[in-house]
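For reference, the structure discussed in these notes is given below.
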Amino acid sequence: MGEKDSERNEKEVEIIETMEKFGRYQMLQYFLICLPAVIVTMLNVNYVFVAGEINYRCRIPECDGQYPVYNTTWWPNTHTDRCTRPLLKQPPAGVCTNDSFSDEVAVCTEWVYESNDTVIAELDLGCQPWKLNLIGTIHNIGTSLAMMASGWLSDRFGRMPTVIMCSVGSCVGLLKIFTSSYPVYVLIEMLEATIAGGSYTAGMVLMIEIGGIKNRVLAGVIFAYAVYVGETLYAVFAMFLPYWKHLVAAIYSPAIAFILLIFVIKESPRWQLLNDQTESAKKTLLKVAKVNKVNIDKEKLLNMSAEDLKKEYNIGSYEERESFMAIFKSREMIKRALVAAFCNFTAGFVYYGLMINSVFLPGNKYTNFMLATVMSYPGELISLYLMNKIGRKFPLIFGYLLCGVLCTATGLVPEAYTLLKIILFLMGKLIVSVCFTGVITYTMELFPTSVRGTMLGVCSVSAGIGSMVAPLTPILNSVSIVLPPIIFGLTAIISGLLLIKTPETKDAPLMDTIQQVDLAQSLIPKKIKRVQNGTTYEFNKNSND
């Protein structure tokens, strides 16, 4: 009996090691967290096809019947302007023909649409492209606000409830089916995006906190693949459900079922400890140990006080809740915040900028959209390998610099070398997808638990601003087609240089408070030089030598 107890005790691991083993618990939780990410991604790009362009022409009351059709035999072949109507020479005696029209035109006030597949026909948005583009812009603004707000919510009320609330709340987008008013439609689009986008921030934070140190990049890659799967699935849905109301019903309805996640998704024990939910944290840790078959001293865990358990997880110095404003009292945190925000802006700006300017992908719009998403898949594998093998900082520095060079080269290569321009463009798209995934993981590791959700939200807003600015870059083509890729390149190069100022986080423990970040930074030896008798000596500033 004594030998069995001795063998059992030898296999016991420290309580702090409970979350380090990647087992069935993490696999199940990652899967459950990624389910909302897949659906919410489809909602976040819904306007690509729901508010997509369709053909239309001006309605001619004298020639069109009560139920006009787009394709007619009498429409003059020489008239292609969709926003003006050709004037009749005289009222037709019978059926209109090509010869019934003069060369004069008038401003169009009514339109005949080729189909009702998109909201253009439903909301009668003919010759109002700014209203159509505003739908996507409004959605991106709402998503950015959601990421910002959900970061604070996940820090204040928990990661798990924020994920579920945002995921379920996204079904408000179903109301778009019942509206025929443009202002109401845009309002629902804004409301839906403001709710749904928050599931990204809370979900990513929860995944990174329930995994071990070695699985942080894996968590980011898995979440990114969930996003890409959502984009690809959306293209498939749109292909088979071209009518926008059917498409909206298909992609929004599953969100209602996410209310059931309240029974299966568990809270981050690290967040529970930081927010004085010690008993809940103990139950979560026991659940993890049981599912992953990790042998810990259960009696010791159950009998530990809140302070002892915090010390076990190296968060004993967390005495009071740190607010967002506490960041501005730390020079190190300000530096990290500025660098992370700009790098996230660059990732969104260049990633979506390259997609928008990808004029080398001809063919079916659904196929093109799928190809654009598939291009990101290999980038995640490269990111996973490099950031686990080498580290976070230097692959990102090299990636941003290489992306900058490739983008700049794409603009500088003459149009005659089409194949070379395509290769450079595709390589730039691949590298920026590596950076996009990597910088999200790196961002979460740079900030302590007390403000991690909030800062990830801030950086997500920065990436969102980048994705909103990206559609404006084609305007620069009227000045010079070289400008957009040059701007992408310079932005990426600046990000790579800024990252030199931030620390490496590979295999480093997650910090829990701003105080810990400042303390760790103060312990880093500072190299100083001194010249004596013509000889230069270099030593640590804290050294007594």
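The values are calculated or read from the model by the stated rules, or taken from the named source; none is laboratory data. Please read these numbers as outputs of a predicted model, since none were measured by experiment. Ideal geometry is used to build each Cβ from the backbone, glycine not excepted, and the neighbour counts take in all protein chains shown. To get the accessible areas, we keep the full protein, side chains included, count just its heavy atoms, and leave off ligands, DNA and RNA. Shrake-Rupley method; radii C 1.70, N 1.55, O 1.52, S 1.80 Å.
Okay, residues lined up against (1) touching an Asp or Glu at 6+ places or on another chain (Cβ under 9 Å); (2) surrounded by fewer than 23 Cβ atoms within 10 Å (Cβ to Cβ); (3) over 18 Å from TRP271 (Cα atoms):
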residue	(1), (2), (3)
CYS171	yes, yes, yes
GLY197	no, no, yes
GLU209	no, yes, no
TYR234	no, no, yes
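Being more than 22 Å from the chain's Cα centre (by Cα), over 23 Å from LYS393 (Cα atoms) and assigned to a helix (DSSP H, G or I) is a condition met by no residue of segment 193-202.
Is it the case that segment 118-132 has a residue that's in contact (Cβ under 8 Å) with a residue 24 or more places away in the chain, of a type outside the set (D, E, K, R) and open to solvent by 60 Å² or more (accessible area, probe 1.4 Å)? Give the derivation first.
Of all residues in segment 118-132, those in contact (Cβ under 8 Å) with a residue 24 or more places away in the chain come to 118-123, 125-127, 131-132.
From what is left, the residues that are of a type outside the set (D, E, K, R) are 118-121, 123, 125-127, 132.
Within this subset, residues satisfying the condition of being open to solvent by 60 Å² or more (accessible area, probe 1.4 Å) are none.
So far as segment 118-132 goes, no, none of its residues is in contact (Cβ under 8 Å) with a residue 24 or more places away in the chain, of a type outside the set (D, E, K, R) and open to solvent by 60 Å² or more (accessible area, probe 1.4 Å).
Within segment 415-444, work out how many residues are over 18 Å from GLY379 (Cα atoms) and out of contact with any Leu (no Cβ under 7 Å at 6 or more places or on another chain). Within segment 415-444, residues that are over 18 Å from GLY379 (Cα atoms) and out of contact with any Leu (no Cβ under 7 Å at 6 or more places or on another chain) number 7. Of everything in segment 283-301 that's assigned to a helix (DSSP H, G or I) and touching a helix residue (DSSP H, G or I) at 6+ places or on another chain (Cβ under 6 Å), which residue is farthest from TYR25 (Cα to Cα)? Residue satisfying both the conditions and the ranking: LEU301. Look through VAL105, VAL50, VAL112 and report the one residue that is modelled with pLDDT of 85 or more, touching a His at 6+ places or on another chain (Cβ under 8 Å) and on the phi < 0 side of the Ramachandran plot. Being modelled with pLDDT of 85 or more, touching a His at 6+ places or on another chain (Cβ under 8 Å) and on the phi < 0 side of the Ramachandran plot holds for just one of VAL105, VAL50, VAL112, which is VAL105. All of SER115, SER100 fail the test of being among the small types (Gly, Ala, Ser) and either within 30 Å of MET325 (Cβ to Cβ) or in contact with a Pro (Cβ under 7 Å, 6 or more places away or on another chain) (or both), apart from SER100. Restricting attention to segment 96-116, the residues being of a type in the set (A, V, I, L, M, F, W, C), farther than 14 Å from CYS63 by Cα and surrounded by 12 or more Cβ atoms within 10 Å (Cβ to Cβ) number 2.
Any residue in segment 245-267 that is over 30 Å from ILE188 (Cβ atoms) and under 26 Å from the mean Cα position of the chain (by Cα)? Show your work before the answer.
Within segment 245-267, the subset over 30 Å from ILE188 (Cβ atoms) is 266-267.
Filter again for under 26 Å from the mean Cα position of the chain (by Cα), leaving 266-267.
Yes - at least one qualifying residue is present in segment 245-267.
Would you pick out the residues in segment 490-514 that are of a type in the set (A, V, I, L, M, F, W, C) and buried (at least 19 other Cβ atoms within 10 Å of the Cβ)? Give the steps one after another, and end with the answer.
Initially, segment 490-514 is screened for residues of a type in the set (A, V, I, L, M, F, W, C), giving 490, 492-494, 497-500, 508, 510-511, 514.
Result: ALA492, ILE493, LEU499, LEU510, MET511, ILE514.
Residue count for segment 440-489 under the criterion of being open to solvent by less than 20 Å² (accessible area, probe 1.4 Å), among the hydrophobic types (A, V, I, L, M, F, W, C) and under 22 Å from MET325 (Cβ atoms): the result is 7. Here the condition is being among the aliphatic types (A, V, I, L, M) and at pLDDT below 85; of LEU446, LEU371, LEU396, LEU401, it holds for LEU371 alone. Given the criteria surrounded by 15 or more Cβ atoms within 10 Å (Cβ to Cβ), small (Gly, Ala, Ser) and under 25 Å from THR449 (Cα atoms), does GLY220 qualify? Spelling it out, GLY220 is indeed surrounded by 15 or more Cβ atoms within 10 Å (Cβ to Cβ), small (Gly, Ala, Ser) and under 25 Å from THR449 (Cα atoms). Residues in segment 382-433 that are crowded, with 16+ Cβ neighbours inside 10 Å and among the polar types (S, T, N, Q): SER383, ASN388, THR408, THR410, SER433. A residue that is open to solvent by less than 80 Å² (accessible area, probe 1.4 Å) and outside any loop (DSSP other than H, G, I, E, B) occurs somewhere in segment 72-85. In contact with a Pro (Cβ under 9 Å, 6 or more places away or on another chain) and part of a helix (DSSP H, G or I): is that true of GLU209 in this structure? Considered against the rule, which asks whether it is in contact with a Pro (Cβ under 9 Å, 6 or more places away or on another chain) and part of a helix (DSSP H, G or I), GLU209 comes out as yes.
Output the residues belonging to segment 172-223 that are touching a residue at least 60 places away in the same chain (Cβ under 8 Å) and more than 30 Å from ARG24 (Cα to Cα).
Narrowing segment 172-223 to residues touching a residue at least 60 places away in the same chain (Cβ under 8 Å): 173-174, 176-177, 185, 189, 192-193, 196-197, 199-223.
GLY173, LEU174, LYS176, ILE177, TYR185, GLU189, GLU192, ALA193 - these are the residues of segment 172-223 that are touching a residue at least 60 places away in the same chain (Cβ under 8 Å) and more than 30 Å from ARG24 (Cα to Cα).
Sort through SER167, SER154, SER181 and tell me the only one that's touching a Pro at 6+ places or on another chain (Cβ under 7 Å) and among the polar types (S, T, N, Q). Being touching a Pro at 6+ places or on another chain (Cβ under 7 Å) and among the polar types (S, T, N, Q) holds for just one of SER167, SER154, SER181, which is SER167.
Mind checking which helices (runs of 4 or more DSSP H) fall wholly inside segment 215-274 and carry at least 2 residues that are modelled with pLDDT of 85 or more and closer than 18 Å to ALA51 by Cα?
Working: elements: 216-240, 244-252, 269-274.
It comes to 216-240, 244-252.
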